[in-house]
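Engineer: Provided herewith is a single structure, encoded as structure tokens, for subsequent inquiry.
The values are calculated or read from the model by the stated rules, or taken from the named source; none is laboratory data. A quick note: this is a predicted structure, and the numbers were derived from the prediction, not measured. Every residue, glycine among them, receives a Cβ derived from its backbone with ideal geometry; neighbour counts consider all protein chains shown.
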Amino acid sequence: MQAFLKKVKERAGKRGGRDVTVFRNMAKILESHWEGLFHCYRDKRIPRTNNGLEITIRRVKMSYRRMTGRRSWDDFIASYGRSVFLLPPDVSKATLVEWAERADRIAFEHRWKELRARRIRSTIMHRAAVDFSEALRDLEKEWHRETVETGTCMLIMHS
């Protein structure tokens, strides 16, 4: 690996034009991430490629498309991405219930609130992309209802 890095640095010095920039950037990135790049050679439990993960993600994506009929799953990932987890096929319902019972309720509620906030934000962003003016009017109405009408906001007037 050191020999490869040495060749990249040599090419960065020999070439002209755009190639110099490409090889310099490559050398810089390799050097800055060097310590974390090769763990797979020291620890056999770490796969050398992420091909297995990519295949798993593709299967989940295909299942989503099959279930919803939607080609893009961007909204799904934006809303639920952090909350999606994959289970081994042999996990029973009883095991899932056992895991849920052991979960820390406060941490769960915190994560649930985060998920809801992300979903709301995603919805707002989608609506703004479709019709910005209408989305803005709806946000203003909601702000008015949540703050002014409930008295939770103090308005300060400047003269």
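Engineer: Are there any helices (runs of 4 or more DSSP H) wholly within the stretch 29-118 with 1 or more residues that are among the basic types (Lys, Arg), within 18 Å of the chain's Cα centre (by Cα) and surrounded by 10 or more Cβ atoms within 10 Å (Cβ to Cβ), and if so which? Talk me through it step by step, then tell me what you get.
Structural biologist: Values: elements: 39-42, 51-68, 74-80, 93-102.
Passing ranges, in order: 51-68.
Engineer: Among (1) farther than 29 Å from residue 120 by Cβ; (2) in contact with a helix residue (DSSP H, G or I) (Cβ under 9 Å, 6 or more places away or on another chain), there is one condition residue 50 misses while meeting the rest; what is its number?
Structural biologist: For residue 50, the exception is condition (2).
Engineer: Under 6 Å between Cβ atoms, which residue pairs at least 6 apart in sequence (or on different chains) link something in the stretch 106-122 that is among the small types (Gly, Ala, Ser) with a partner that is assigned to a helix (DSSP H, G or I)?
Structural biologist: Cβ pairs passing all conditions: 122/78; 122/79.
Engineer: Looking at the stretch 13-27, is at least one residue under 30 Å from residue 118 (Cβ atoms) and either at pLDDT below 85 or aromatic (Phe, Trp, Tyr) (or both)?
Structural biologist: Just the residues of the stretch 13-27 that are under 30 Å from residue 118 (Cβ atoms), to begin with: none.
No, every residue in the stretch 13-27 fails to be under 30 Å from residue 118 (Cβ atoms) and either at pLDDT below 85 or aromatic (Phe, Trp, Tyr) (or both).
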